[in-house]
1. Any residue in the range 277-293 that's of a type in the set (G, A, S): show its pairings with residues that are in a helix (DSSP H, G or I) at Cβ separation under 9 Å, as long as the two are six or more apart or on different chains.
2. Only one residue in A304, A278, A314 is crowded, with 17+ Cβ neighbours inside 10 Å and over 19 Å from F199 (Cβ atoms). Which one?
3. Does K125 meet the test of being away from ligand 1 (no atom under 16 Å from the Cβ), free of Cβ contacts under 8 Å to residues at least 40 places away in the same chain and open to solvent by 60 Å² or more (accessible area, probe 1.4 Å)?
4. With (1) open to solvent by 10 Å² or more (accessible area, probe 1.4 Å); (2) touching a residue at least 40 places away in the same chain (Cβ under 8 Å); (3) within 21 Å of G296 (Cα to Cα) as the list, and G178 as the residue in question, which single condition is left unmet?
5. Select, from A385, A380, the only residue that is in a loop (DSSP other than H, G, I, E, B) and open to solvent by 30 Å² or more (accessible area, probe 1.4 Å).
6. Any idea how many residues of the range 128-175 are of a type in the set (A, V, I, L, M, F, W, C), open to solvent by 20 Å² or more (accessible area, probe 1.4 Å) and over 24 Å from K70 (Cβ atoms)?
Amino acid sequence: IAPTTTMKKLLVDVHSHIYTTRLVSLLRSRSVNPRIHRESSDGTEKLAILPQEVAGGRTVGPQYWDVRNKVSFMQRHAIDVSIVSLANPWLDWMDAKQAVTSAQECNADLEEYCHQATQLFGDAKGSTIEPERRMRAFGILPLAQGVEVDEVVKSLDAIKGAPSLCGAILGSRGLGRGLDDPRLEPVWEKAAELGLVLFLHPHYGLGSDASQPDGLWGQQDNGHVLPLALGFPFETAAATTRLILAGVFDRYPQLRLLVAHSGGALPILSSRLASCVAHDPHVCNRLEHDPRYYLGKLYYDAVAYGPEELEAVAKIIGRAQRYGPGAADADVKLGIARMHFGTDHPFFPPTRNDGTVITDDQTEIWRSVSENVEAIDSVASWSDADKHAVLGLNAVSLFGL
Ligand code: URA
Ligand code: ZN
């Protein structure tokens with residue numbers, strides 16, 4: 001896709017989820033989380049995935065697995081290209097053998113999903129992008145307990161060779177011992193060598209015990225609000241920090257890591273992180289640079305829902321320059337160039353006045369989408385070109401769309 005002036009508002013969604021129908025069948029066959037079940041009193045099908053799941057999970061419908069629904073959603077919101085990824089908790093819960101087989105099957109299914117989307121887009125109007133370029137996917141890696149790291153490396157090679165896959169999504173647990181597990185070294189090496197984007201996404205929600213009702217930390221049931229709004233971003237911040245502190249970006253400066261939800265809590269805490277590192281005798285001499293430098297090596301989605309937050313994140317990324325080898329001036333443009341529009345569809349669907357969720361709509365404009373578009377559109381200090389970049393052109397260049 002060549003960025004031309006005719007593409008005034010190219011919209012690329014880098015954060016959009018699905019479950020493959022094969023994975024949905026597997027989840028339906030399970031009796032423990034993660035699973036899809038019909039046991040709740042409201043009679044709806046529920047997806048119960050989070051460790052601290054409330055109300056039996058969240059109501060799900062075809063928007064979670066049906067490509068026709070994704071295409072309709074894209075058309076309705078003027079999204080030109082989506083890069084879909086499997087939703088959490090990926091293959092984390094599988095045994096090693098099943099994870100390896102499932103990763104291969106999922107990646108084949110994702111390829112087919114993109115192909116089906118091409119057929120559905122057909123010659124539909126509404127985008128200047130050719131139908132066969134409008135759906136791409138992050139592949140899935142066989143990251144689960146007991147998997148040999150060689151299998152993960154092989155999977156990266158397979159993803160690199162797959163026409164519709166342009167990176168891989170991963171959670172924060174790795175092979176069951178987190179992302180600073182030394183066994184993962186060949187994974188970072190391979191991903192950096194292949195230039196594949198790794199999309200780091202939360203699932204467990206750090207501090208999930210503090211989200212529970214009737215506990216030491218509080219009494220009220222707040223639904224999914226605390227784990228999603230606070231636990232997710234903190235998990236992302238902790239996982240990214242572990243990668244930084246393990247020296248992964250010193251050894252693989254070319255590694256391309258896209259961090260969910262605008263880096264979670266990391267950007268706003270990065271100077272505190274730098275100070276804690278500087279004052280800790282175990283860590284202070286470990287890294288080649290100030291921790292803030294590494295924030296400028298990462299890529300971020302723009303799923304932050306507010307213009308002030310986006311502006312702050314871009315500034316924080318841009319000032320990473322000051323902590324680099326050349327110690328150049330902070331440059332917010334460098335931050336803006338690393339941010340990418342996303343929706344988190346099909347999570348955060350619109351709700352009706354009675355609080356029920358719309359699970360298979362074909363007509364609604366989703367607040368969770370328009371809020372993120374408007375947030376980008378209304379960042380006070382960004383030019384039209386900056387907004388255009390974050391809405392789509394940055395993704396075109398990062399993923400070579
Ligand atoms: N809730 C989830 O479980 N995953 C997401 O990606 C967003 C919300
Ligand atoms: Zn997400």
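The values are calculated or read from the model by the stated rules, or taken from the named source; none is laboratory data. Not measured: the values here are computed from a predicted model. Virtual Cβ from ideal backbone geometry, glycine too; neighbours counted across all protein chains shown. The area values use the complete protein model at the heavy-atom level, side chains included, leaving out ligands, DNA and RNA. Shrake-Rupley method; radii C 1.70, N 1.55, O 1.52, S 1.80 Å.
1. That search, which allows pairs on different chains as well, returns A278/P291.
2. Working: A304 fails: over 19 Å from F199 (Cβ atoms); A278 fails: crowded, with 17+ Cβ neighbours inside 10 Å.
None of the others qualify; the one that does is A314.
3. Criteria met by K125.
4. Result: G178 passes all but (3).
5. Values: A385 fails: in a loop (DSSP other than H, G, I, E, B).
After ruling out the rest, the residue left standing is A380.
6. Final tally of qualifying residues: 2.
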